[in-house]
Amino acid sequence: MESTTAFQHKNTISILGCGWYGLALAKALINDGIKVKGSTTSEQKIALLADEGIEPYLVNFSADDETYNADFFDCEVLFIAIPPKARSGAGAEFIPKIQRIISAIERHSVKKVVFISSTGVYADLNCEVDERTPPLPDTESGKILLEAENLFKNDPAFKTTIIRFAGLIGPGRNPGRFFAGKKNIPNGNAPVNLIHLDDCIGLTKAIIGHHAFGYLFNGCAPDHPVKSVFYTQAAINSGLDKPDFIDELKEWKIVKSENLEAILGYQFKQHLRSSDTFA
């Protein structure tokens, strides 16, 4: 498999949104000898990015304003890893923000974009879904992300690869804490759809190494244990109070990542049947 080390050192990757995934990706790419520019909306985080070897930029796109240095968009590949924040009530601002970002991409002639989306664009329709399945989102966040995906995908000025990540677990996101001590949790027999940070980074590096731009990839571990079994064991492994699930199966889905193997030959590093995944 081609690695990111084949991506020439002189080339630069910019990451718009250095959160949980974006910061980890930046550090992994720098470790491979790739120059990384990273964005933050906080003056206080500039020093943190610089300390990690990231070239820091203060970048802020809102529905009606934008602040950025044009040098940030001088890159070979631009990653966009910003959440719609629908649960906090900011969902309505996301699409205008994305439209401003796309205008900046066009203005500065970026040709390769990776947009981080979510498997939340697939509704729970009691079936398996893969990259060929037409998404029918039934949540506000899913609908917003699908609209954003289409804005990127339909713009001929650049090639966009879309990564739809399942539920994120790993350092700082211990699944044992998700339901620890809670009672009467519904849908206990539903299958889980999760991905560990190691594989978020691994599949992303595979995309870069293969120059796989213009594609859609689901990012979801191939194992789908029952919700009650997985989260109970995760809590036990973390020394936390066991959760209590209702013995029922309501709406569910199983997310398949067919394109990762077919296009990239990618093999998952972390499996949900392994206790190592719970940490």
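Some observations on this one:
- Of all residues in the range 20-39 being farther than 12 Å from residue 200 by Cβ and not aliphatic (A, V, I, L, M), the one that is most open to solvent (accessible area, probe 1.4 Å): 31
- The single condition among (1) in contact (Cβ under 8 Å) with a residue 60 or more places away in the chain; (2) open to solvent by less than 50 Å² (accessible area, probe 1.4 Å); (3) among the charged types (D, E, K, R) that residue 74 does not satisfy is (2).
- Cβ separations smaller than 7 Å between residues 6+ apart or across chains give the following pairs from the range 26-39 residues that are assigned to a helix (DSSP H, G or I) to residues that are open to solvent by 10 Å² or more (accessible area, probe 1.4 Å): 26/52; 27/52; 28/201; 28/205; 30/53.
- For the range 171-188, the set of residues classified as polar (S, T, N, Q), under 17 Å from residue 247 (Cα atoms) and open to solvent by less than 60 Å² (accessible area, probe 1.4 Å) consists of 187 only.
- Counted residues, the range 74-85 - those being part of a loop (DSSP other than H, G, I, E, B), at pLDDT 95 or above and not aliphatic (A, V, I, L, M): 3
- Within the range 228-258, tally of residues that are open to solvent by 40 Å² or more (accessible area, probe 1.4 Å) and under 17 Å from residue 122 (Cβ atoms): 5
- Index of the failed condition, residue 98 passing every other in (1) in contact with a Ser or Thr (Cβ under 7 Å, 6 or more places away or on another chain); (2) modelled with pLDDT of 95 or more; (3) crowded, with 17+ Cβ neighbours inside 10 Å: (1)
- Test: residue in the range 128-142 that is open to solvent by 90 Å² or more (accessible area, probe 1.4 Å) and of a type in the set (A, V, I, L, M, F, W, C): yes
- The number of residues in the range 40-61 that are surrounded by 13 or more Cβ atoms within 10 Å (Cβ to Cβ) and in contact (Cβ under 8 Å) with a residue 12 or more places away in the chain comes to 15.
- Looking at the range 180-279, the strands (runs of 3 or more DSSP E) lying wholly inside it that each contain 1 or more residues that are hydrophobic (A, V, I, L, M, F, W, C) and over 16 Å from the mean Cα position of the chain (by Cα) sit at 253-255.
- For the range 42-73, the tally of residues that are at pLDDT 95 or above and either in contact with a His (Cβ under 7 Å, 6 or more places away or on another chain) or of a type in the set (Gly, Ala, Ser) (or both) stands at 5.
The values are calculated or read from the model by the stated rules, or taken from the named source; none is laboratory data. Being a predicted model, the structure only gives us computed values, none of them experimental. As a convention, Cβ positions derive from the backbone with ideal geometry for all residues, glycine included, and neighbour counts pool all protein chains shown. Just so you know, the surface numbers come from the protein's heavy atoms only, side chains and all, with ligands and any DNA or RNA stripped out. Shrake-Rupley method; radii C 1.70, N 1.55, O 1.52, S 1.80 Å.
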